[in-house]
Amino acid sequence: MIANVILKRGKEESLLRRHLWIFSGAIARIEGEDNLTEGDIVDVYTSERKFIARGHYQIGSITVRVLTFEQEEINDEWWAERIRRAWEVRKAEGLTDNPSTTCYRLIHGEGDMLSGLVVDVYGSTAVVQCHSVGMFYARTQIANAIRKVYGDAIQSVYDKSSRTLPYKAGIDTCDGYLTEIRSNAGYVLENGLKFEVNWEEGQKTGFFIDQRVNRELVRRYARGRRVLNTFCYTGGFSVYAADGGATEVVSVDSSERAVELAARNMTLNFGEQYPHRAVAMDTFDFLKEMDDSFDLVILDPPAFAKHHKVAPEALKAYKRLNAKAMQKIKSGGILFTFSCSQAVNKEQFRMAVFSAAAIAGRRVRILHQLTQPEDHAINIYHPESEYLKGLVLYVE
Ligand code: SAH
């Protein structure tokens with residue numbers, strides 16, 4: 001028996017506009033609550049008892065993540081159909097069969113109407129990351145559906161949900177393969193450049209696919225410049241800068257393993273002779289101590305704000321970071337600056353960068369306004385799926 005979630009009067013409005021989250025405050029009562037556990041499928045009704053949605057039940061402020069607005073069964077065919085539709089979008093984007101780019105995002109949560117699910121493709125491996133218990137319980141169905149849609153093009157599916165599931169869910173998880181074939185870490189191509197990817201041990205699903213398009217822009221600006229790539233992780237931006245003709249690249253990350261990986265990726269593409277320096281250091285300290293000879297600087301920090309509550313702190317940190325970089329960048333320098341905090345919107349981020357320019361006292365022009373790439377599509381009814389913001393600045 002599916003439990004029924006009955007909404008308070010008028011609280012169906014956001015659902016009529018196809019938003020995918022139902023907050024606890026919108027709910028009048030739940031029928032069948034005694035047998036309900038987190039991750040179960042529930043039906044949602046208006047106060048007038050009209051069916052409005054079906055989704056995953058969750059404990060917390062988001063109580064239901066909507067899967068469908070139809071009264072349809074969530075079975076193997078349903079999963080295959082949803083994944084096939086997502087695949088078709090990536091096909092239209094030219095990503096599913098591109099010999100020079102072998103990694104892309106297949107499922108981007110709400111952007112693909114699958115709230116709580118992320119799937120990234122690395123060659124013939126798909127990495128599944130569940131952010132909700134409902135998705136976690138469906139992981140085998142999801143893996144089977146991926147195999148069904150891709151046939152032999154995907155050989156192995158790896159589940160990497162242990163760190164993304166809500167902490168309070170208390171389920172014992174360990175990451176592992178959902179298929180018999182277990183392909184270990186390997187190499188992928190992005191715009192013809194080679195990267196080592198380790199989905200078992202790396203951050204997120206192994207690689208930050210969301211900067212693909214922005215990295216191409218770094219490549220365009222890098223010719224003849226001395227490049228500093230901070231928060232470098234795999235050295236994605238460093239590799240593109242070198243490919244674009246940078247005279248020298250310095251990669252900085254506080255993690256020793258990250259800078260080692262960045263160094264390996266640089267060698268993989270350009271050999272030992274390329275003038276690359278990988279520095280394990282806090283970016284704020286590096287910026288304080290460095291000279292003023294860099295004329296292309298990339299700031300791509302981790303999300304400073306994971307919740308709205310800490311957004312003001314995060315804005316201060318963005319301001320401080322950007323001010324430091326603007327104080328030091330060479331005249332005529334290009335600054336790529338990003339925020340991937342969902343809790344900080346485009347305008348707030350821009351204000352923080354604006355304040356930084358004022359503090360640094362430099363003349364600054366905005367050349368480009370950047371966002372996430374096409375495989376991280378934004379659901380038009382669910383603007384929260386837009387998270388990556390970037391500015392390219394010309395600093396006189
Ligand atoms: N630019 C990267 C992704 C950055 S992820 C890419 O294109 O793939 C954020 C990185 O910042 C992580 O590797 C993390 O180790 C690093 N980091 C976090 N805090 C830091 C700090 N204070 N100084 C330097 N690196 C930091």
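Between Arg363 and Trp78, the distance separating the two model label sites (each 7 Å from Cα on the Cα→Cβ line) works out to 6.1 nm. Summarising the strand pairing of the chain, around 65 percent of its internal DSSP beta bridges are antiparallel. Couplings 3J(HN,Hα) for region 13-30, derived from phi with the Karplus relation 6.51 cos²θ - 1.76 cosθ + 1.60 (θ = phi - 60°), are 4, 5, 6, 5, 8, 6, 6, 9, 10, 10, 7, 4, x, 8, 9, 7, 6, 10 Hz, where x marks Gly and Pro.
Can you compute the charge dipole magnitude of the chain about its Cα centre, using +1 on each Lys and Arg Cβ and -1 on each Asp and Glu Cβ, nothing else charged? Give it in debye, rounded to the nearest 20. Present the calculation step by step, with values, prior to reporting the outcome.
On the way: 50 positive and 52 negative charges, 312 e Å.
Rounded to the nearest 20 debye, it is 1500 debye.
Taken over region 3-68, the convex hull of the Cα atoms encloses 68 Å³ per residue.
Taking Lys288, Lys319, Lys194 as the candidate residues, the one with maximal mean-square fluctuation in a Gaussian network model of the chain, Cα springs under 10 Å, is Lys288.
Express in nm, to one decimal, how much length is gained between Glu200 and Phe23 on full extension, taking 0.36 nm for each residue of separation and deducting their alpha carbon distance. Mind dumping the intermediate values first?
On the way: separation 177, 0.36 × 177 = 63.72 nm, distance 3.35 nm.
In short, 60.4 nm is gained.
Of interest is the spacing of the C-alpha centroids, which for region 185-242 and region 282-356 amounts to 19 Å.
With r as the distance between the Cβ atoms of Arg257 and Glu216 and R0 = 25 Å, compute the FRET efficiency 1/(1 + (r/R0)^6) and round to 0.05.
Details: r = 26 Å, r/R0 = 1.04.
Between Glu216 and Arg257 the formula returns 0.45.
Here region 3-68 is assigned +1 on the Cβ of each Lys and Arg and -1 on the Cβ of each Asp and Glu. Its dipole about the Cα centre then comes out at about 380 debye. Note on the chain: GNM, Cα springs under 10 Å; of Glu374, Glu289, Glu248, the largest mean-square fluctuation is that of Glu289.
Add -39500 (n - 2.57) for each DSSP H run of 4 or more in the chain, then divide by its residues: what number comes out at 222 nm, to the nearest 500 deg cm²/dmol?
Numbers: 10 runs with 111 residues, N = 396.
Here the helix-only value at 222 nm equals -8500 deg cm²/dmol.
Within region 76-188, the proportion of Cα pairs with more than 26 Å between them is 13 percent.
For Val250, the residues whose amide H sits under 5 Å from its own are Val227, Leu228, Asn229, Arg277, ignoring neighbours fewer than 5 places away on the same chain, with H placed 1.01 Å from N. Rolling a 1.4 Å probe over the heavy atoms of the protein chains gives region 76-188 an accessible area of 44 Å² per residue.
Efficiency by 1/(1 + (r/R0)^6): what FRET value for Tyr187 and Thr68, r their Cβ-Cβ distance, R0 = 56 Å, to the nearest 0.05?
Efficiency, from the Cβ-Cβ distance: 0.90.
When region 3-68 is described by a simple charge dipole with +1 on each Lys and Arg Cβ and -1 on each Asp and Glu Cβ, the residue from Val64, Tyr45, Leu15 located farthest towards its positive end is Leu15.
For the chain, a Gaussian network of Cα nodes joined below 10 Å ranks Asp43, Asp120, Asp34 by mean-square fluctuation, and the top entry is Asp34.
Antiparallel beta bridges, as assigned by DSSP with both residues in region 208-395, represent about 40 percent of the total such bridges. Relative to the Cα centre, the charge distribution of region 222-349, modelled as +1 at Lys and Arg Cβ and -1 at Asp and Glu Cβ, gives a dipole magnitude of about 440 debye.
Give me the percent relative contact order of region 76-188, please, defined on Cα pairs under 8 angstrom at least 6 residues apart. Intermediate values should be presented prior to the final figure.
Numbers: 175 pairs, mean separation 25.9, N = 113.
This gives 23 percent for region 76-188.
With a Förster radius of 25 Å applied to the beta-carbon distance between Lys148 and Glu93, the computed FRET efficiency rounds to 0.75.
Considering Cα pairs under 8 angstrom that are at least six residues apart, work out the relative contact order of region 208-395 and quote it in whole percent.
Details: 390 pairs, mean separation 36.0, N = 188.
Reported relative contact order: 19 percent.
Accessible surface of region 76-188, 1.4 Å probe: 48 percent of it comes from carbon and sulfur atoms.
Relative contact order for the chain: what percent, with Cα pairs under 8 Å and sequence separation of 6 or more?
Numbers: 845 pairs, mean separation 44.1, N = 396.
RCO, the chain: 11 percent.
Taking amide H positions as modeled 1.01 Å from N, with prolines and chain starts lacking one, the residues under 5 Å from Ala53 and 5 or more places away or on another chain are Val44.
The values are calculated or read from the model by the stated rules, or taken from the named source; none is laboratory data. Here the structure is a predicted model, which means the values were calculated and not measured. Heads up, the Cβs are rebuilt from the backbone with ideal geometry, glycines too, and the neighbour counts pull from every protein chain shown. Heavy atoms of the whole protein, side chains included, go into the accessibility calculation; ligands, DNA and RNA do not. Shrake-Rupley method; radii C 1.70, N 1.55, O 1.52, S 1.80 Å.
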